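Notes follow the structure.
The values are calculated or read from the model by the stated rules, or taken from the named source; none is laboratory data. What you see is a predicted model; the values in this text were computed from it and never measured. Cβ: placed from backbone, ideal geometry, glycine included. Neighbour counts: every protein chain shown. The protein model used for the area step is the full one, side chains on, heavy atoms only, and it has no ligands, DNA or RNA in it. Shrake-Rupley method; radii C 1.70, N 1.55, O 1.52, S 1.80 Å.
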Amino acid sequence: MTFEAWATFAAATAVLLVIPGPTILLVVSYALGQGWRTALPIAIGVALGDFTAMTLSMLGVGALLAASATVFTALKWVGAAYLIWLGIKLFRAGGTLDATPREDAAPAWKMLGHAWLVTALNPKSITFFVAFLPQFLDAKADFGTQMLIFEATFVGLAFANALGYALVASRARSVIRNPRAIGIFNKAGGTALIGAGIATVAIRSGHH
């Protein structure tokens with residue numbers, strides 16, 4: 001794997017993680033209701049959940065890669081189209097973050113487990129990984145090494161992102177409640193997704 005490929009993956013991941021989704025809504029709900037003490041267990045749960053979903057996705061992608069180069073190439077095209085569709089949908093989304101504060105004093109292990117379940121068992125997460133990961137995989141390089149590097153990168157950034165959201169939600173609630181701020185997040189994230197989809201198509205077309 002080249003440094004450029006890894007850097008592109010890390011940058012795309014960082015942008016995508018910032019976009020509010022079901023996992024972030026859960027993080028914000030706990031932080032709004034119970035403060036900064038929720039940050040660490042929630043962030044660990046999110047990281048474990050992403051690790052689970054990503055591992056399942058990578059194994060599936062690896063099986064496709066081993067079975068047929070043609071099918072793997074087709075998956076890349078479908079994945080690029082899916083990223084563009086997600087980007088358009090996100091760009092058109094409103095500026096609301098419907099996170100109701102959770103006032104129930106849940107223990108740390110329960111918050112961790114809840115975050116893991118929501119993140120790992122979200123079908124959209126696995127679908128997204130199957131669409132997203134092949135864009136950065138080199139079919140000629142060692143799959144196991146790439147899997148290890150991509151997972152470590154994504155899980156590390158997911159942990160930092162969840163921790164950041166929890167701390168911001170507990171300390172600066174007005175930002176989380178601000179429709180304009182969320183609207184900017186959605187538009188920026190949507191633009192990034194559309195750009196990622198178009199860029200992968202352009203790069204692939206250039207190779208041909």
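Points to keep in mind about this one:
- Those helices (runs of 4 or more DSSP H) of segment 21-103 in which 2 or more residues are at pLDDT below 80 and buried (at least 20 other Cβ atoms within 10 Å of the Cβ) occupy 22-34, 69-91.
- Every residue from segment 1-20 that is at pLDDT 80 or above and within 9 Å of the chain's Cα centre (by Cα): Thr13, Ala14, Leu17
- Among residues of segment 129-159, those that are surrounded by 15 or more Cβ atoms within 10 Å (Cβ to Cβ), under 11 Å from Met58 (Cα atoms) and not polar (S, T, N, Q), counted: 11
- All positions within segment 1-20 that are of a type outside the set (Phe, Trp, Tyr), in contact (Cβ under 8 Å) with a residue 12 or more places away in the chain, in a helix (DSSP H, G or I) and open to solvent by 10 Å² or more (accessible area, probe 1.4 Å): Ala5, Thr8, Ala10, Ala12, Ala14, Val15, Leu16, Leu17, Val18
- Filtering segment 167-178 to residues that are in a helix (DSSP H, G or I) and modelled with pLDDT under 70 leaves Arg173, Ser174, Val175, Ile176, Arg177.
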